[in-house]
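Here's the structure we're looking at; comments come further down.
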Amino acid sequence: MLLRDLQVLDHLSRTDQSSGDRIVRIARSIPNLLDDREIDKLENEWTLYSVELVDRSWYIKDEYVDSNGNNQIKYHSIDYYWNNVFLILTKNGISKYPTLTKLIKNVLIITHGNADVERGFSINSNILTENRSSLSESSINGLRLVYDAVKVFGNESAHKVT
């Protein structure tokens with residue numbers, strides 16, 4: 001359900017009838033982020049946002065005709081669009097959508113891949129060879145620490161251990 005609701009972050013979905021319900025469901029699905037008072041504010045901010053005049057340059061990066069004569073559109077990334085929304089101010093110079101900003105920033109940092117985890121498993125399988133299958137957890141952690149340090153600081157030459 002959360003993934004379906006996250007589609008509301010697309011600029012075209014903001015005017016959908018169900019968009020307000022969807023943004024509230026997203027807020028409620030993230031534990032300890034917004035309290036009930038903030039969710040009420042979020043609903044009000046979303047209503048204002050849904051009728052906000054949004055510049056096309058916030059979501060369209062480029063429009064052109066390709067070699068086949070077809071119109072093509074290149075879009076900005078979603079964080080580019082939302083950053084522009086976050087910059088909208090009231091007449092008093094304060095953020096117009098502070099609660100919405102808090103929610104969207106937290107949603108956009110949710111990882112959508114597992115490459116880092118898979119890479120970690122691969123490194124661990126290289127460390128745990130047949131000869132090292134009975135290493136303790138602290139030994140494995142130590143080997144990973146050394147492996148990661150060598151990776152960060154380079155492996156061009158021998159490292160001096162002091």
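Structure notes:
- Selected from 17, 128, 139, residue furthest toward positive end of dipole (the chain; charges at beta carbon): 139
- Since only 7, 108, 152 are under comparison, the one whose Cα sits farthest along the positive direction of the charge dipole of the chain, derived from C-beta charges on Lys, Arg, Asp and Glu, is 152.
- For region 65-102 and region 27-48, distance of Cα centres in Å: 21
- Computed magnitude of the charge dipole of the chain (debye, nearest 20; Cβ of K, R +1, Cβ of D, E -1): 300
- A Gaussian network model of the chain, with springs between Cα atoms under 10 Å, assigns the largest mean-square fluctuation among 27, 149, 115 to 149.
- Relative contact order, percent, the chain [alpha-carbon distance under 8 Å, six or more residues apart]: 14
- Bridgeable lysines around residue 102 (alpha carbons under 22 Å apart, same-chain partners fewer than 8 residues away excluded): 41, 91.
- A Stokes-Einstein calculation at 37 °C with viscosity 0.692 mPa s, built on the Kirkwood radius of the chain over Cα pairs, returns a diffusion coefficient of 163 µm²/s.
- Straight-line cross-link partners of residue 74 among the lysines, defined as a Cα under 22 Å from its Cα and at least 8 positions apart when in the same chain: 61.
- Fluctuation leader among 63, 52, 137 - the chain, Gaussian network, Cα springs under 10 angstrom: 137
- Among 65, 54, 85: highest mean-square fluctuation, GNM of the chain, C-alpha pairs under 10 Å: 65
None of the figures in this text is laboratory data; all of them are computed from the coordinates on show. Predicted, not measured: the structure shown is a model, and the values here were computed from it. FYI the Cβ positions are ideal-geometry reconstructions off the backbone, even for glycines, and counts take in every protein chain you see.
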